[in-house]
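Reading through the structure tokens given below for one structure.
The values are calculated or read from the model by the stated rules, or taken from the named source; none is laboratory data. Note that the structure is a prediction, hence the values are computed from the model and not measured. Please note: Cβ atoms are built from the backbone with ideal geometry, for glycine as well, and neighbour counts cover all protein chains shown.
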Amino acid sequence: MGKGRGKFDLSGYDGEPTRSLSDNLSALLKQFPLSPSGYFGVKGASNPVRRIRSANPEQTAYHFFKLIANGAGEKRDIPTGIVVTLKDGTRITYRVTSSSDGSPAVDIKILVPVGIIKHKQKIHFEKEL
């Protein structure tokens, strides 16, 4: 899937952020709906981890990340992935492998409330059973 960490293209996030979380929600929610309590995915075995299952967890996690992080500016590489910041201060961490179970993961930390979305989420992407 291009250059960057592993097989993922994580380029294109240098410079000033141009979009906020609310700008990206429409496209994100069409493919990844929220629960009535404001979380993505379903409750995992440990709180506050959420789970999204798919045939290809790596591809699904990366797609989720690209939708939610669209227009992010500042980026910081971490050993397992990347952290980006949106215009409203929302920080999104994409990890190719999580330290807990090895699955791909996206962490969200929202500074400016947006609707019912919970301000802090850890989402792991798992293989469909």
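If only one of GLY73, GLY115 is surrounded by 13 or more Cβ atoms within 10 Å (Cβ to Cβ), modelled with pLDDT under 95, closer than 26 Å to PRO17 by Cβ and of a type outside the set (Val, Ile, Thr), which one is it?
GLY73
Take the stretch 83-109 and flag every residue that is of a type in the set (D, E, K, R), within 13 Å of PRO17 (Cβ to Cβ) and out of contact with any Lys or Arg (no Cβ under 8 Å at 6 or more places or on another chain).
Passing the criteria: only ASP88.
So, in the stretch 33-68, of the ones that are part of a loop (DSSP other than H, G, I, E, B) and either in contact with a His (Cβ under 7 Å, 6 or more places away or on another chain) or over 23 Å from SER100 (Cα atoms) (or both), which residue ends up modelled with the lowest pLDDT?
The qualifying residue modelled with the lowest pLDDT is GLY44.
Checking the conditions here, which among THR18, THR80 is out of contact with any His (no Cβ under 8 Å at 6 or more places or on another chain), surrounded by 14 or more Cβ atoms within 10 Å (Cβ to Cβ) and at pLDDT below 95?
THR80
Please enumerate the residues belonging to the stretch 38-66 that are surrounded by 18 or more Cβ atoms within 10 Å (Cβ to Cβ) and in contact with a helix residue (DSSP H, G or I) (Cβ under 6 Å, 6 or more places away or on another chain).
Result: no residue meets the conditions.
Restricting to the stretch 97-112, and then to whatever is at pLDDT 95 or above and among the β-branched types (Val, Ile, Thr), can you tell me which residue is surrounded by the most Cβ atoms within 10 Å (Cβ to Cβ)?
If we take residues in the stretch 97-112 being at pLDDT 95 or above and among the β-branched types (Val, Ile, Thr), then VAL106 is surrounded by the most Cβ atoms within 10 Å (Cβ to Cβ).
So which residues in the stretch 81-100 are more than 14 Å from PHE64 (Cα to Cα) and assigned to a loop (DSSP other than H, G, I, E, B), if there are any at all?
LEU86, LYS87, ASP88, GLY89, THR90, THR97, SER98, SER99, SER100
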